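The next block holds one structure in the form of C-alpha cells; read it before the comments.
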Amino acid sequence: MIPLLTIVLGIPLIVALVPLVMESRLIYYPVRSQALTPESLGLRAERVVLHTTDDVRLDAVWAPAPNEKAALLFLHGNAGNLSHRLPNVQQLVERGISVLILDYRGYGDSEGSPSEKGLYADARAGWEWLRERRERVFLFGRSLGAAVAIQLAGQVEAEGVIAESAFNSVRGMALKSLLTAPAALTLRSRFDSVAAVKDIKCPLLSIHGARDSLAPMSMGRAIYDAATVPKRWYEITAAGHNDTVAVGGEKYWETLLDFVSNG
C-alpha cells in the first residue's frame, strides 16, 4: 500500500485546498498494466466480468480450489491492481480456499475512476457474483480493502470478514500525516472502519503487524475493540504493513485457515 494522504505542505491555504483538488490522487494509486497473469504462475483461473449497479464493468479473476474449504472475496489495497496479488491468491488456492479477486473501477482493466462510493459498489458486485455460486463466502480485505470489506460485511450475510493491516479512517490517516485538522475535516472520503465495524453481522478476524508504520497497529486495534461480534485478534510481532504473509509464515496460514473452518 502506498501511504494514504502522506504529503505535508507548509502553506495553510494550500493545505486546506488539497482535499478538494487532489483527494482522489492522494488516496488511490491504480496501475493499469498487468504485472502477472494466472497462466504465468500456473494458476488455474478464469477471467470474469462483473457489472456494478451503476453500470461499470469490472475485471476479476476467479480461482477455484480443487479441495475447497471455503470461498473468499479478495479486496486489495489502494495501489497496483489484482495482478500484483495473484501470488497471494495462489497461496490461498493451494490451501483449499477458492478466491474471487476483483479490480476496483479505474484499476487494471476495470472501467471508471475510483471513489469511496464506487469501491463499495464494486465490492457488492463481487459479492453478488460469488454468492450466486457459493453458500459459504468470506470477505478478505487488506489495507484499503479492509475498509471496503468491513463496510460490505455490514450489508450482507457473510460467513466472516478478515481485516488485515486496516486503518481507522481516511481522516485518521490524514491527521497522522500532519494534514491540518480543518483540512482533514473537509475530506469527502471517510472509509470509517471504526464506525462501520459496529454494523457487521459475522465473525471478525483482525490481522496486524506490530511494526506497521503506515497504519499503526493502534488503528487496527480500535476497529477490533469497536466490533461487537465474535472476534479474534492476531498480531504479527515482526511484520510491517505489507509483509504480514511472509513474516507470519505458517502461523499466519494456521490462523486464517482455522478462522474459515471454525469462525
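The values are calculated or read from the model by the stated rules, or taken from the named source; none is laboratory data. None of the values given here were measured: they were computed from a predicted structure. In this analysis, Cβ positions are derived from the backbone assuming ideal geometry, glycine residues included, and neighbour counts consider all displayed protein chains.
When you scan region 183-237, how many residues do you find that are in contact (Cβ under 8 Å) with a residue 40 or more places away in the chain, part of a strand (DSSP E or B) and farther than 19 Å from Gly263 by Cα?
Residues flagged as in contact (Cβ under 8 Å) with a residue 40 or more places away in the chain, part of a strand (DSSP E or B) and farther than 19 Å from Gly263 by Cα within region 183-237 amount to 1.
State which residue is nearest to Thr228 (Cα to Cα) when the search covers only region 178-198 and only residues that are of a type in the set (Val, Ile, Thr) and modelled with pLDDT of 55 or more.
The residue in question is Val197.
Would you call Arg47 in a strand (DSSP E or B) and more than 17 Å from Leu139 (Cβ to Cβ)?
Answer is yes for this residue.
Which numbered condition in (1) within 19 Å of Leu72 (Cβ to Cβ); (2) over 18 Å from the mean Cα position of the chain (by Cα); (3) surrounded by 14 or more Cβ atoms within 10 Å (Cβ to Cβ) is the only one that Asp258 fails?
Just one mismatch for Asp258, condition (3).
Checking Ala210 against (1) farther than 21 Å from Arg85 by Cβ; (2) in contact with a Pro (Cβ under 7 Å, 6 or more places away or on another chain): exactly one of these is not met. Which one?
In the conditions (1) farther than 21 Å from Arg85 by Cβ; (2) in contact with a Pro (Cβ under 7 Å, 6 or more places away or on another chain), Ala210 misses (2) alone.
Could you list, in sequence order, the residues of region 99-115 that are crowded, with 24+ Cβ neighbours inside 10 Å and of a type in the set (Ser, Thr, Tyr)?
Within region 99-115, Tyr104, Tyr107, Ser110 qualify.
Kindly evaluate Ser213 against the criterion of being of a type in the set (Ser, Thr, Tyr) and either modelled with pLDDT of 95 or more or buried (at least 16 other Cβ atoms within 10 Å of the Cβ) (or both).
Here the answer is no, as Ser213 does not meet what is asked.
Spot the failing condition for Ser165; the list is (1) at positive phi; (2) touching a Pro at 6+ places or on another chain (Cβ under 6 Å), and only one is missed.
The single condition Ser165 does not satisfy is (2).
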